[in-house]
1. If you scan the range 85-99, which residues turn out to be over 22 Å from Tyr71 (Cβ atoms), of a type outside the set (Asp, Glu) and either open to solvent by 40 Å² or more (accessible area, probe 1.4 Å) or part of a strand (DSSP E or B) (or both)?
2. Taking the condition closer than 21 Å to Phe134 by Cβ and touching a helix residue (DSSP H, G or I) at 6+ places or on another chain (Cβ under 9 Å), does Gln81 pass?
3. Can you go through Gln105, Gln81 and tell me which one is touching a strand residue (DSSP E or B) at 6+ places or on another chain (Cβ under 6 Å), modelled with pLDDT of 95 or more and of a type outside the set (Phe, Trp, Tyr)?
4. Before we move on, is Gly76 free of Cβ contacts under 8 Å to residues at least 24 places away in the same chain and among the small types (Gly, Ala, Ser)?
5. Here are Lys40, Lys87: which of them is in contact with a Phe, Trp or Tyr (Cβ under 6 Å, 6 or more places away or on another chain), farther than 19 Å from Ser151 by Cβ and of a type in the set (D, E, K, R)?
Amino acid sequence: MKYCITIVCLLAILWGFAPSAMSASQSNTFTVLFLMAESKNDLGWNYRHYEELKTTLHSLGKVVESSDLYYKVQVGNDTLQVFIIEKIGYEENNITEIARRGIKQDNPNLVIGTWFNSAKAMATLAEEYPDIKFVHISGYPLVTSNGKNFSTAFLRMEQADFVMGYIEGLS
């Protein structure tokens with residue numbers, strides 16, 4: 001699972017830092033809202049998501065500011081901000097409402113939902129906010145991509161191992 005989270009985070013970040021969205025002469029800030037069902041300290045999958053997210057952020061560039069639920073990373077001339085909301089729970093209406101508040105407060109370019117129950121909420125929010133990209137990480141594509149700004153993501157372990165090996169071979 002940790003490989004899946006690392007890969008998806010990297011792909012999502014690269015999706016946001018696409019060359020078409022950037023100019024060589026300007027510095028950009030890309031903001032991610034990372035949603036978790038339970039505590040980052042639950043010693044379960046939320047803990048793994050959080051730990052892999054931290055590892056990924058530290059490997060992308062220089063962490064210039066951080067707290068338990070916020071990271072600001074300098075990536076070349078650009079800035080990546082990650083706001084983490086934990087303990088959202090499993091009810092679709094709660095997930096949607098809490099994510100909506102986070103979107104209004106943090107103005108993200110990308111929202112990542114990290115558990116099964118977040119799929120429908122991510123799809124609903126993607127329709128409401130067409131200028132924001134949404135990724136649902138779960139393992140079961142309860143809702144399929146809308147072809148615009150919403151996608152589900154999951155790799156089988158053997159696929160994740162292959163991709164991580166390939167990425168390691170590039171470095």
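The values are calculated or read from the model by the stated rules, or taken from the named source; none is laboratory data. Since we're looking at a predicted model, the values are computed, not measured. Please note: Cβ atoms are built from the backbone with ideal geometry, for glycine as well, and neighbour counts cover all protein chains shown. Side chains included, ligands, DNA and RNA excluded: accessible areas come from the protein's heavy atoms. Shrake-Rupley method; radii C 1.70, N 1.55, O 1.52, S 1.80 Å.
1. Tyr90, Asn93, Asn94
2. yes
3. When all the criteria are applied, what remains is Gln81.
4. yes
5. Among Lys40, Lys87, only Lys40 is in contact with a Phe, Trp or Tyr (Cβ under 6 Å, 6 or more places away or on another chain), farther than 19 Å from Ser151 by Cβ and of a type in the set (D, E, K, R).
Every residue, every condition in (1) open to solvent by 50 Å² or more (accessible area, probe 1.4 Å); (2) more than 16 Å from the chain's Cα centre (by Cα), yes or no:
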{"residue": "Leu33", "(1), (2)": "no, no"}
{"residue": "Trp45", "(1), (2)": "yes, no"}
{"residue": "Arg48", "(1), (2)": "yes, no"}
{"residue": "Glu51", "(1), (2)": "no, no"}
{"residue": "Ser66", "(1), (2)": "yes, yes"}
